[in-house]
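**Student:** Take a look at the following structure, please.
None of the figures in this text is laboratory data; all of them are computed from the coordinates on show. Predicted model, so just to flag it, every value in this text is computed and none were measured. A quick note on method: Cβ atoms are made from the backbone with ideal geometry, for glycine too, and the neighbour counts reach across all protein chains shown.
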Amino acid sequence: QVQLVESGGGLVQPGGSLRLSCASSGSIFRSNATGWYRRAPGKERELVAFISRHGSTWYSNSVKGRFTISGDNAKNTMFLQMNSLKPEDTAAYYCNAFPILSGIWGQGTQVTVSS
């Protein structure tokens, strides 16, 4: 069973940057498009960005121009570079395939943007 481990979250001031990492125990990144999702307190989970197997990317309007998704298929790792962070980016961030594969969610990594 594939296991996903997210890391890189933390507390950052508005306007700051963080780089999230997602490590997979399997070759999920080679066989699927993969994405970053987030869930803010009291809100539904939302797709933030995804990257196809061939490197095409998509971003939600709320993060477009500020976040960059990338992947290293050889190392089964995916990243999310987050710049110009805003308080509304505060959430737990998760990686998964796109579309979602049930049963492989990791623990997530918490991002808190606050002064």
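**Student:** Would you please state which residues of region 76-108 a label at Ser17 would reach in this model, taking the label point 7 Å out along Cα→Cβ and a backbone N cut-off of under 12 Å?
**Tutor:** Label zone hits: 81-85.
**Student:** Counting C-alpha atoms alone, how compact is region 34-115: give Rg to one decimal and Dmax as a whole number, in angstrom.
**Tutor:** Here Rg and the maximum Cα pair distance are 12.4, 38 Å.
**Student:** Quick check for me: using +1 on Lys/Arg Cβ and -1 on Asp/Glu Cβ, what's the dipole size of region 42-106 about its Cα centre, in debye to the nearest 20?
**Tutor:** Charge dipole of region 42-106: 100 debye, to the nearest 20.
**Student:** Provide the net charge surrounding Phe29, with neighbours chosen by a C-beta distance below 13 Å and charges set as Lys +1, Arg +1, Asp -1, Glu -1.
**Tutor:** Charge balance near Phe29 sits at +2.
**Student:** If you don't mind, another one. Any lysines with Cα under 23 Å of the Lys86 Cα? List them, leaving off those in the same chain fewer than 8 positions away.
**Tutor:** Partners within reach: Lys43, Lys64.
**Student:** Output the peptides 33-43, 92-102 sorted from most to least packed, where packing is the average of other Cβ atoms within 10 Å over each peptide's residues.
**Tutor:** Details: 33-43: 17.0, 92-102: 18.6.
Output ranking for 33-43, 92-102: 92-102, 33-43.
**Student:** Turning to a different aspect of this structure: About the Cα centre of the chain, how large is the charge dipole given +1 on each Lys and Arg Cβ and -1 on each Asp and Glu Cβ? Please answer in debye to the nearest 20.
**Tutor:** So the magnitude is around 140 debye.
**Student:** So for the chain: antiparallel DSSP bridges make up what percent, rounded to the nearest 5?
**Tutor:** In the chain, DSSP labels about 90 percent of beta bridges as antiparallel.
**Student:** Could you work out [θ]222 nm for the chain from helices alone, using -39500 (n - 2.57) per DSSP H run of at least four and dividing by all its residues? Round to the nearest 500 deg cm²/dmol.
**Tutor:** Counting only the DSSP helices, I get -500 deg cm²/dmol.
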